[in-house]
């Protein structure tokens, strides 16, 4: 892997198409403890071959493999319960009923409401429970991009070019 500095955001590197190469930079993973009290493994875009870095969303905190997280046999990221990775509890995220206020938003399944207070608070909000994961994976054509179809749209392309 080239230029593995993940201590600062690098727009060119981090927004490069993830299907090119074998490294994904700062893929986000939201850590939520479910209703059963479990923190389930996170399946990333590719199975993890090697972790380069697991950091807080703001990149300021570095988490340690074996202490704060592990990678299971399926290449999924597992936040360890005894580690320092913060998580949002289910009962702080999901409410049994919707109330018209600044805290609730109706859930998509119509079975209650979800927390939005953290999204708009004057603090870290949901990003406090989000990781930036940089990792290497096996080369894969899972995200193969189809060939361009420019030839099928000459008039549209001409209009776009000419304004």
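What are the pairs with Cβ atoms under 9 angstrom where one residue, in the range 21-49, is free of Cβ contacts under 8 Å to residues at least 60 places away in the same chain and on the phi > 0 side of the Ramachandran plot and the other, located anywhere, is outside any loop (DSSP other than H, G, I, E, B) and exposed (fewer than 15 other Cβ atoms within 10 Å of the Cβ)? Sequence gap at least six, or different chains.
Matching pairs, first to second residue: 37/89; 37/90.
Can you name the condition, by its number, that residue 48 falls short on among (1) farther than 19 Å from residue 127 by Cα; (2) more than 16 Å from the chain's Cα centre (by Cα)?
All conditions pass for residue 48, except number (2).
When the range 123-163 is examined, which residues are found to be modelled with pLDDT under 85, closer than 25 Å to residue 42 by Cβ and part of a helix (DSSP H, G or I)?
Matches in the range 123-163: 125, 126, 127.
The values are calculated or read from the model by the stated rules, or taken from the named source; none is laboratory data. Since the structure is predicted, the reported quantities are computational estimates derived from the model, not experimental observations. Glycine gets a Cβ as well: all are built from the backbone with ideal geometry, and neighbour counts include every protein chain shown.
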